[in-house]
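Engineer: Can you keep this structure in mind? I'll have questions shortly.
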Amino acid sequence: MTVSNSHMQKITIGPNNSLSARIFKPESEARAFPAILFVHGWKTNQQGLAAFAERLAGLGFICMTFDLPGHGESAGDRGVLSRQDFFTNVLAAYDFLASLEGVDAQRMYAVGASFGAYLVALLAAERNVQGLVMRVPSNYPDEGFTEPKLRASGDTGVDDWRKLSLPWNETASLRALHGFSGPVLMVESGQDAVIPHQAVQNYVDALPDQDLLTYKVMENAPHSLGDDELLRQEYAGLLQEWFSKIKNS
């Protein structure tokens, strides 16, 4: 994947510096840049996000990726952590990025995939997020938010529940999106065996202003893009096009 001019720095952030993170900065003399927080999915890590972050840094965004607790190089036992625990760390990551020298805290964006998309939807209700990218977004009932997330992962009951048509006020993430007034890029995978179409449609329907929505379907993509270079290029192109319009608007 071709990337643009930027430089990367590895750091640790969060409670007790327990989260492994990477900062991607544009090669520019500008004093203040818009910023993008990337949040990966369940049982993945930040490694696969590096090329996307570097490309968008080349557009003039300060980007940050990080490993959720118990993932990648971050400390923690994901088997005992709750969705609330993961969300608390996402808030800490956002706050760190917003306070970083060179970041324009009034122009903050978030990109999430699967579980990460669920978390950035919640983030939009708690912080000053100007725009969201949600790829193959998962959703969860509000019950169990403080219980170990592992219990809900791959659970047949949750899988069946995601196939239901849900009103916007049914879950915290749908309510968050309903109250969001910024632009949203929603990306669905046409061959997704994990997140059914209805789960994505529920998020789409929750948005009060459909004029702010860009809805794309990657027809040949499964849930995870993995190492498929063609699919990664396709998604990178969607990100670049959307963020280019955002930056120039």
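The values are calculated or read from the model by the stated rules, or taken from the named source; none is laboratory data. As the structure is a computational prediction, the values presented were derived from the model and not from experiment. All Cβ positions, even for glycine, are placed from backbone atoms using ideal geometry, and neighbour counts span all protein chains on display. Heavy atoms of the whole protein, side chains included, go into the accessibility calculation; ligands, DNA and RNA do not. Shrake-Rupley method; radii C 1.70, N 1.55, O 1.52, S 1.80 Å.
Engineer: Rounded to the nearest percent, how much of the accessible area of the range 65-170 (1.4 Å probe, protein heavy atoms only) is carbon and sulfur?
Structural biologist: Heavy-atom surface of the range 65-170 belonging to carbon and sulfur, 1.4 Å probe: 46 percent.
Engineer: Which value, in Å², gives the accessible area per residue of the chain when a 1.4 Å probe is used on the protein heavy atoms?
Structural biologist: 44
Engineer: From the Cα gyration tensor of the range 132-249, with a ≥ b ≥ c the square roots of its eigenvalues, which class applies: rounded if a/c is under 1.5, or else prolate if a/b is larger than b/c, or else oblate?
Structural biologist: Since a/c reaches 1.5 but b/c is at least a/b, the shape of the range 132-249 is classed as oblate.
Engineer: At a threshold of 8 angstrom on Cα-Cα distance, excluding pairs fewer than six apart, so keeping six or more, what relative contact order does the range 91-197 reach in percent?
Structural biologist: Computed value for the range 91-197: 29 percent relative contact order.
Engineer: Take peptides 116-122, 240-246 and line them up by average Cβ neighbours within 10 Å, highest first, as a rough protection proxy.
Structural biologist: 116-122, 240-246
Engineer: Taking H placed 1.01 Å from N in the peptide plane, check which residues at least 5 places from Ile36 or on another chain put their amide H under 5 Å from its amide H.
Structural biologist: The answer is Ile62, Cys63, Met64, Tyr109.
Engineer: May I ask you to list the lysines whose Cα is less than 24 Å away from that of Lys43, ignoring any residue fewer than eight positions away on the same chain?
Structural biologist: Lys10, Lys149, Lys163
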